[in-house]
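Shown next, in structure tokens, is the structure this report addresses.
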Amino acid sequence: MTVRKASYGIEIPLALHFMLLLSAAMLSLSVLFVLGLRFSVTRRQDAELRESIGRITHTLETDGAEELAFTELAYYITYVVYDDSGAVLATNDSLLPLLDSGGKCRSYFQKGYFTDGDLNIRYLTSRVAGVSAAGGSNAVDGGNAMEGGITAGTGSSTNAAGSTTAAGVSTSALTVECALDIANDSAAKMLSAMPLLALIALIPVLLISFAISFLISRSTLSAFRRLQADYDREKAFSSNVSHELKTPISIIDGHANLLKRWGKDDPAQLEQSIDAILHETETMNAIVTTLLEMSRLEQGHISVQKERFFVTNLFASLKEEFCALYPALRVIISDPDFIELESDVQKLHQIFTVIMANSIKFAGKDCCITLSCRRAGNRTELLAADNGSGFAPQVLPHVFERFYKGDASHRRDEGGAGLGLSIAQALVQALGGSIRAANTESGGAVIVVTL
């Protein structure tokens, strides 16, 4: 539980950091998208205003103000034509204020302009020189015209030069103003709703990103922990190898110095030192040989020669070999079903040699080993149980670790390199099986090989 809480303490902050980074990136992209969309909408509005100004100007110059009602404009475009004095000559929206953009498209906002709302428009103005109300350049018409919502102004007015026509209508320059109501423009409406839509869309994206980042951080941390465990195991392996080799080297060095000083002159001491040196040399050679074999096993440099054989025959061969070496050893074989297997009998012989050697080493002089086999579904279990003290609970998880020794827990007097069961496990895995350690009901140790 503590490990899981510590894991969450790392994974959740990492997921939150990733989510915040993703949120910042998405918000930045959303802002850029909205700005780009706003620029595109504004350009479209400006193009419509320029096109509308061009059509109105063309109508004024060719047909006169009374023909503006027949000019084809978008329904959301409003306009007003006025002179320098501010007199309105024609319009389709009497509430449109008289503005001058200086020939550039501009935005205009006035809060509370209408009784039921604000004024928010994009507008453009253009100057038209020498146009009268009647139509055609320098034409004159003094009446009033109301057609299609268009209002024409009347009366005489003074032109820019102060002159008037015979009918009293000015031929001075006029200002044409076109406006687009942003509040009624569909693109502008969509643009104004974009931030809210982006925010709503961002919420599930953030939740999904948190879940994904949590899974990624968990798998990453899991891989990191495996690497850390491998590093710690290799570090411990190097330390254990150094320790295991240091002991025989120290003994050899001690006896060699002893012989150099005075031991060579004492036949008994000479014999004892030579025996010790030879024994420790054999120990070192066994450790190195075992390590090389484990390296080959872990790298997959091992061939499996499968053949059909009876498990009883394998157990009988083991019993014969060990009883010849240890006369006091008792070996009981239990194979009531006379099971036949197809596997590498030599590898299995090596595996059970390691297991039985451990039992003899740690169960004492009165060791009794029971070799048995049984069917477990479509698999076969081979068991080796002894009458020793068994495994302590804290030792069981580490039984197959390299260089691990649970001597104190097992009350064992002899050590060893702690590599035998590691090799047995590697061999079982090479055969496609599994191996586990447990205690018998009577308290002894049992190793189960499943094939």
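The values are calculated or read from the model by the stated rules, or taken from the named source; none is laboratory data. Because the structure is a prediction, the values reported are computed rather than measured. Backbone-built Cβ (ideal geometry, glycine too); neighbour counts: all protein chains shown. For accessibility, only protein heavy atoms count, side chains too; no ligands or nucleic acids. Shrake-Rupley method; radii C 1.70, N 1.55, O 1.52, S 1.80 Å.
Go through the range 67-92 and give me each residue that's free of Cβ contacts under 8 Å to residues at least 60 places away in the same chain and open to solvent by less than 30 Å² (accessible area, probe 1.4 Å).
Residue satisfying the conditions is T71 alone.
Take the residues in the range 93-118 that are over 19 Å from T175 (Cβ atoms) and within 52 Å of the chain's Cα centre (by Cα); name whichever of them is surrounded by the fewest Cβ atoms within 10 Å (Cβ to Cβ).
Of everything passing the filter in the range 93-118, K111 is surrounded by the fewest Cβ atoms within 10 Å (Cβ to Cβ).
Mind checking which residues of the range 404-451 are among the basic types (K, R) and at pLDDT below 85?
If the condition is that a residue be among the basic types (K, R) and at pLDDT below 85, then K405, R411, R412 are the ones that fit.
Suppose we filter L49, L60, L20 for residues that are assigned to a helix (DSSP H, G or I) and open to solvent by 30 Å² or more (accessible area, probe 1.4 Å); which single one remains?
L20
Any idea how many residues of the range 123-137 are among the hydrophobic types (A, V, I, L, M, F, W, C), modelled with pLDDT under 85 and either in a strand (DSSP E or B) or open to solvent by less than 50 Å² (accessible area, probe 1.4 Å) (or both)?
3
How many residues are surrounded by 12 or more Cβ atoms within 10 Å (Cβ to Cβ), without any contact (Cβ under 8 Å) to a residue 12 or more places away in the chain and small (G, A, S) if we restrict to the range 28-42?
Total meeting the criteria: 1.
Can L32 be described as within 27 Å of N120 (Cβ to Cβ), in contact with a Ser or Thr (Cβ under 7 Å, 6 or more places away or on another chain) and hydrophobic (A, V, I, L, M, F, W, C)?
Taking the combined requirement at face value, the residue does not satisfy it.
Return the residues of the range 363-372 that are open to solvent by 10 Å² or more (accessible area, probe 1.4 Å) and not basic (K, R); say none if nothing qualifies.
A363, G364, D366, C368, T370, S372
Any idea which residue in the range 319-362 is modelled with the highest pLDDT, counting only those that are open to solvent by 80 Å² or more (accessible area, probe 1.4 Å) and assigned to a loop (DSSP other than H, G, I, E, B)?
It comes out as F338.
Yes/no matrix, rows are residues, columns are (1) touching a strand residue (DSSP E or B) at 6+ places or on another chain (Cβ under 8 Å); (2) at pLDDT 50 or above; (3) not in a strand (DSSP E or B):
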| site | (1), (2), (3) |
| --- | --- |
| E66 | yes, yes, yes |
| E72 | no, yes, yes |
| S85 | no, yes, yes |
| S101 | yes, yes, yes |
| D118 | yes, yes, no |
| I121 | yes, yes, no |
| A139 | no, no, yes |
| G153 | yes, no, yes |
| A167 | no, no, yes |
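Of all residues in the range 37-64 being in contact with a strand residue (DSSP E or B) (Cβ under 6 Å, 6 or more places away or on another chain) and at pLDDT 90 or above, which is nearest to I182 (Cα to Cα)?
Filtering the range 37-64 for residues that are in contact with a strand residue (DSSP E or B) (Cβ under 6 Å, 6 or more places away or on another chain) and at pLDDT 90 or above, the one nearest to I182 (Cα to Cα) comes out as L49.
Filter the range 43-66 down to residues that are touching a residue at least 24 places away in the same chain (Cβ under 8 Å), touching a helix residue (DSSP H, G or I) at 6+ places or on another chain (Cβ under 9 Å) and not hydrophobic (A, V, I, L, M, F, W, C), then give me how many there are.
3
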